[in-house]
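Colleague: Once you've had a glance at the structure underneath, I'll fire off some questions.
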Amino acid sequence: MFLDIDGNKVFALSLGAGPRTILAHSGWIGNFEDWIATLAVLSGSWRTIVYDHRGAGETRVPLDRITPEALVEDVFRVMDALDVERCVLAGFSRGTVTVMRAALQQPSRFDGLILMNGYGEVTLPGVVPPQRIPPSRWPGETYHDRLAWFAERCTPEPDSDHIRRWGVDMLSRATPEAAEKLFMMQAEEQIDWPARLAELRLPTLLIHGENDPFYRTEVMEYTQSLIPDSKLVIMPGVGHLPAMTRPVDVAKEINAFFFGRVQRH
């Protein structure tokens, strides 16, 4: 379905009708397909929602309307459009920036967080983050070549050619200009992550592929240490796309964390 949000046509899917809701935000120029395999499994016990954020998939907007603030506000606009008062908010890769900012802005709207293979803008104390290299400068002569190089790095697992093809097809639906802006976009608001995340009182599950070439395990561990009520699951042998390569395992971890909490309490 398409939602009319802030003058844009935002593509969204809602699957399942469980007692709790998960709203999933994709990464970089990933669309609903970043999450759909995992959400298909979860839809048996959750209401699951995913949408194409600005500049990704079928949600086409002018470049000047792709901003960090707009991405955060769209989380709440999608929730309101689909009559979701509260949900578990899930973010993947660069989408964790948006998810963490939304949770800090209105924590009362959320029952918990899932951060998968990403840690927002958290950095290790005293460590300067590496300079971002724009996609236009990645290896390859064409946009398609550069996306193929990226997809190959995302999937170090053996026998993953089908996932790489899927990834390139998915990412190719964004324009090169949107890809460049979303990748290089710096958040305008500076957040003291150690202080703010220490104040967060949301149950938080962090999922991380141990062979992710983009997000370091030690920063995931540090991020988890900042969030009081949190758990980190490291998936052996997995790269950057666990929701695509290991959807059943990701769904099991989510169910165990959130439904297990209900049973213990």
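Read-outs: derived from the displayed coordinates by stated rules, not from any lab. Predicted model only: the values in this text are computed from it and were never measured. Cβ placement follows ideal geometry from the backbone for every residue including glycine, while neighbour counts extend to all protein chains displayed.
Colleague: Mind telling me which of P19, P236, P156 comes out most flexible in a GNM of the chain, alpha-carbon contacts under 10 Å?
Modeller: Looking only at P19, P236, P156, the largest GNM fluctuation is found for P19.
Colleague: Going toward the positive end of the dipole of the chain, with +1 on Lys and Arg Cβ and -1 on Asp and Glu Cβ, which of P156, P19, W138 do you reach last?
Modeller: Going by the charge dipole, the pick is P19.
Colleague: Once you charge only the Cβ atoms, +1 for Lys and Arg and -1 for Asp and Glu, what is the size of the charge dipole of segment 1-144 about its Cα centre, to the nearest 20 debye?
Modeller: Roughly 240 debye, rounded to the nearest 20.
Colleague: If you don't mind, there's one more thing I want to ask. For segment 1-148, what number results from the quotient of the Cα radius of gyration and 2.2 N^0.38 Å?
Modeller: On the way: Rg = 15.9 Å, N = 148, 2.2 N^0.38 = 14.7 Å.
Segment 1-148 yields a ratio of 1.08.
Colleague: A further question follows. How far, in nm, would the chain grow between E69 and H162 when pulled straight, counting 0.36 nm per residue and subtracting the alpha carbon separation? Before the final figure, lay out the partial values.
Modeller: Values: separation 93, 0.36 × 93 = 33.48 nm, distance 3.49 nm.
Additional length available on full extension: 30.0 nm.
Colleague: How many angstrom lie between the Cα centre of segment 141-184 and the Cα centre of segment 53-89?
Modeller: Segment 141-184 and segment 53-89 have Cα centres separated by 22 Å.
Colleague: Taking segment 112-155, which trypsin sites (Lys or Arg not before Pro) meet the DSSP loop condition and have no more than 16 other C-beta atoms within 10 Å?
Modeller: In loop regions of segment 112-155 (DSSP not H, G, I, E or B), the sparsely surrounded trypsin sites (Lys or Arg not before Pro) are R132.
Colleague: What distance in nm lies between label points placed 7 Å from Cα along the C-beta direction at S225 and E177?
Modeller: Distance between label points: 4.4 nm.
Colleague: Taking the Cα centre of segment 181-261 as origin and charging only Cβ (+1 Lys, Arg; -1 Asp, Glu), how large is the dipole, in debye to the nearest 20? Write down the numbers at each step before the final one.
Modeller: Details: 8 positive and 11 negative charges, 57 e Å.
Here segment 181-261 has a charge dipole of around 280 debye.
Colleague: Under a plain spin-label model, where a point goes 7 Å from the Cα along Cα-to-Cβ, how far apart in nm are R216 and R196?
Modeller: 2.2
Colleague: By how many nm would the segment from D83 to I133 lengthen if fully extended, with 0.36 nm per residue of separation less the alpha-carbon distance? Please report the intermediate quantities before stating the final value.
Modeller: Numbers: separation 50, 0.36 × 50 = 18.00 nm, distance 3.92 nm.
Length gained, D83 through I133: 14.1 nm.
Colleague: Same structure again: Please state the charge dipole magnitude for the chain, taken about the Cα centre, from unit charges on C-beta atoms (+1 on K and R, -1 on D and E), reported in debye and rounded to the nearest 20. Before the final figure, lay out each step's value.
Modeller: Details: 27 positive and 35 negative charges, 86 e Å.
I would put it at about 420 debye.
Colleague: What number in nm² do you get for segment 147-265 if you take the convex hull of its Cα atoms and divide its surface by four?
Modeller: On the way: hull surface 36.4 nm².
Averaged projected hull area, Cα only: 9.1 nm².
Colleague: Of M1, C87, N31, whose Cα points farthest to the positive end of the dipole of the chain (charges on the beta-carbon: +1 Lys, Arg; -1 Asp, Glu; origin at the Cα centre)?
Modeller: C87
Colleague: Related question: List the GluC sites (Glu not before Pro) within segment 20-120 that fall in a DSSP loop (any state other than H, G, I, E or B) and whose Cβ has at most 12 other Cβ atoms within 10 Å.
Modeller: Details: sites: E33, E58, E69, E73, E85; in loops: E58, E85.
When the GluC sites (Glu not before Pro) of segment 20-120 are filtered for loop state and at most 12 Cβ neighbours within 10 Å, E85 remain.
Colleague: Something else about it: Of the GluC sites (Glu not before Pro) in segment 177-233, which ones lie in a loop per DSSP and count no more than 16 other C-beta atoms within 10 Å? Could the numbers behind the result be given before it?
Modeller: Details: sites: E177, E180, E188, E189, E199, E210, E218, E221; in loops: E188, E189, E210.
The qualifying sites are E188, E189, E210.
Colleague: Let me ask another. If the viscosity is 0.692 mPa s and the temperature 37 °C, what Stokes-Einstein diffusion coefficient in µm²/s follows for the chain when Rh is the Kirkwood radius over Cα pairs? Write out the running numbers ahead of the final one.
Modeller: Working: Rh = 18.5 Å.
Stokes-Einstein gives a translational diffusion coefficient of 178 µm²/s.
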